[in-house]
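To keep things clear, I will list the structure first and then write my remarks on it.
Read-outs throughout are calculated quantities, based only on the coordinates presented, and are distinct from any laboratory measurement. None of the values given here were measured: they were computed from a predicted structure. Backbone-built Cβ (ideal geometry, glycine too); neighbour counts: all protein chains shown.
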Amino acid sequence: MRKPGRAHVFAALVVVCVAGAAIYLLVASRAPDLAPAATPIGTGHVEPSARRVALNGMSAPARELLTAAGVGSRRVAFRDLDRGDTANWGRIAIAPLTAREPRRLVGSARCERLYVRAGRGLCLAKGGGFGTLYTAEVLDARFHVVHRIPLAGIPSRARISSNGRYGATTTFVAGHSYNTPGKFSTQTLLLDLVHGKAITNLERFHVTLDGKVVDKPDVNFWGVTFARDGRHFYATMATGHKTYLVVADIETRTGQVLRDNVECPSLSPDGTRIAYKKLVHLAPGTPAIWHLHVLDLRTMKDVALAEPDPIDDQAEWLGNKLVVYGTGEEIRAVRADGSGHSVALVTAADSPADLD
Amino acid sequence: MYQVQNSQALVAAHRRLFGRRRARTVVAPTVVLLGLTSLFTDISSEMVSTILPLYLVYTVGLSPVAFGLVDGLYQGGGALVRVASGFVGDKFRRHKEVAVVGYGLSAVCKLGFLVVGGAVGALSSIIVLDRTGKGIRTAPRDAMISLSTPREQLGTAFGVHRALDTTGAMLGPLLAFGMLALAPGRFDAIFVVSFCVALVGLGILVLFVQNQRDDRPADEAPAVSLRSAARLLESRKFTLVIAIGCLLGLATMSDGFVYVGLQHRLGFETRFLPLLYVGTSVVYMLLAVPVGKLADKLGRLKIFVAGYLLLLALYATILVPNLTPVALVGCLVLFGLYYAATDGVLMAISSALLPEETRGSGLALVTTGTTLARLFGSLAFGALWTFAGLNVAVIVFIAALSTGIVVTAIAGRGVARATNA
């Protein structure tokens, strides 16, 4: 009787491990992850495919809300998240809000985040060179890719200025720890959409807080929203476990803190109010909870919106009276003054952008 | 056809495979085997720690701010476990078995990530367990390296181990990024592959590494008790080494601060930051063995002090307002060389001062002391940067490091001879 040598046992172990890893990887690479980017908070079960024809604000409360706000004839662009049609998962779709007309898929890109404004689009898509897993694709008015800008990290937010000249992207970046190994941070880039290149990282702006320039190792920025003047923008700055609303000037590369606890701001078309997500619950070991609020920049009065579910999204305005946002499953709308109820506008979709 | 009989044969076969001629100084097979175990384990653990922040934030939906809180779990916990595992290894003279528990625990945790999915509480426990495994394995592993090496080769042996270890730490993130490019968003695949790689490392340890045999009859070998381990601290030379390690550790900022500091000076894009880490690792990997040999030849404390002088030079360059890209490459060489001259060399210095029977406890005390000192140092650096700005923080640390180096050079003269080959 011969006992198998240790080298044989080891060889067998290596074979099993390599084969196991290779097979799992092969299977995984053929079935890419279709989960929504962030954990869908709230419920809302999606029936596969049935909704492809049914939907688009056809519910009576939705129609009423949109008509009352004078935006009944608007069209929106969004990411299509139809689980019954995985071939088109994440593609750009357009739909009129109240007409009985199905969504129309446009372009060929599949996006993780999407924004459309002023005849330009920003699609944060998977792919790129080694080490850059995601790319910001700049789209023209016909949704053709005209520029590609490599991104570090995983896409979180995308916005375009109202003149179409600037874009901004926020990504989650790992690998460069500040004081602790493995810590993550965000990176927010200001983009030149005309020439298709990154202008600067927001961390290079000089932001003042209480009269002093912030120079701290843990500063992060996210969630840019552009002002109509084509020169200023608002964004969230975080340092020391606190978040701040910052208004910044692209030309002077400076900014000032306006207020704390404001994340992912979105400026109303008339430039008077900021819709944002407010952190209301934070504890170790549990997911954070944000609720949507609107801040009046003239009076600094803050009002909670009538959306009962926690929301983790950068809201979009539909006119000056309505705010729309994604829950991870569907796009909803709610009045910007805190009254009424939220209604579903488009199911199986996120990243809404007003096209008109 | 040959039959691989033992570890020596495996190492020889390994050497044949890579077509290397027999090196002039041959380190013990145990050292190479432990190095290979570390290589695979580091590939496995670095794969996961590279993607863990993204996983927590992106898939689990943890807020960026909450992540900072969970991140605190990473720290501190390992210290007590490390000393205990060093002591247990000494007491029962079973360093290998203790190390197997540590490596095994971390391997199982990789599957744990897969099983618990998005449950945040359970995920935190797995992270803590994973860290505990790392705490358990360090001291017995270093004890085995030093026990299987003749005194005059300690620097080389630790150099060989650290070179292999760093290779793994460098390959892990690359593998993880490659896999995410191949199967975007499939974090589960990374956990599975990480587990498989960890099993290979564990297999090398379990199948080929042997505890150092003690030829003395049981009644002659000194019994190890808590008291005898505590007596280590009565040795003036050894406590001096711990004190020096802690002092210099307190004046050291974490790697992340060095890289971000350099980025502030040069203003390159954030996506190139990981390249700095890779550059430093390559230098460290290539130079760990030659610098370890040099330490054996010229004097370990000398090389150790020289390493910290290089770090001092690196800190000084962070103060230079406009760095050129060439200077940046120079910085990475300095940084890698600093690691090669200090990390394994400190273990060699300590090993030479410690009796065999309490080697594990002693090395655990050194690593725990220096790790905690470095943690405090980094926290202090972060606070200084926050309240006084980057330049002030760097200047304070240059002053502290200079003081530490002078103290080491003066106070270390007494131990220098005792720690050399």
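Just a few scattered comments:
- Free-standing Cys residues across chain B, given no other cysteine C-beta under 4.7 angstrom: B:Cys109, B:Cys246, B:Cys331
- Percent of beta bridges antiparallel (DSSP, the protein assembly as shown, rounded to nearest 5): 95 percent
- Those Cys residues of chain A for which no other cysteine Cβ falls under 4.7 Å: A:Cys264
- Packing here is the average count of other Cβ atoms within 10 Å per residue, and on that basis the peptides B:194-200, B:242-248, highest first, run B:194-200, B:242-248.
- Over the Cα atoms of segment B:75-139, the radius of gyration divided by the Kirkwood radius equals 1.05; this is the Rg/Rh ratio.
- Ordering A:Tyr115, A:Tyr24 from the fewest to the most neighbouring beta carbons within 10 Å gives A:Tyr24, A:Tyr115.
- Within chain A, the proportion of C-alpha pairs whose separation exceeds 35 Å stands at 25%.
- Mean per-residue shielding of peptide A:10-18 is 5, counting Cβ atoms of other chains within 10 Å of each Cβ.
- As a proxy for reagent exposure, B:Ile395, B:Ile43, B:Ile349 were ordered by neighbouring Cβ count within 10 angstrom, fewest first; the result is B:Ile395, B:Ile43, B:Ile349.
- With Cα atoms, 0 to 90° folded angle of helix A:6-30 axis to chain A main axis: 30 degrees
- With a 10 Å cut-off around each Cβ of B:176-189, the average count of Cβ atoms from other chains is 6.
- Working from label points 7 Å from Cα in the Cα-to-Cβ sense, the A:Glu251 to A:Glu101 distance is 4.0 nm.
- Highest-MSF residue in chain B out of B:Leu301, B:Leu273, B:Leu34 [GNM, Cα springs under 10 Å]: B:Leu273
- Cβ neighbours within 10 Å from other chains - mean over B:192-200: 5
- Footprinting exposure proxy ranking of A:Lys197, A:Lys321, fewest other C-beta atoms within 10 angstrom first, gives A:Lys197, A:Lys321.
- Computed per residue of chain B from DSSP H runs no shorter than four, each worth -39500 (n - 2.57), the mean residue ellipticity at 222 nm is -26500 deg cm²/dmol.
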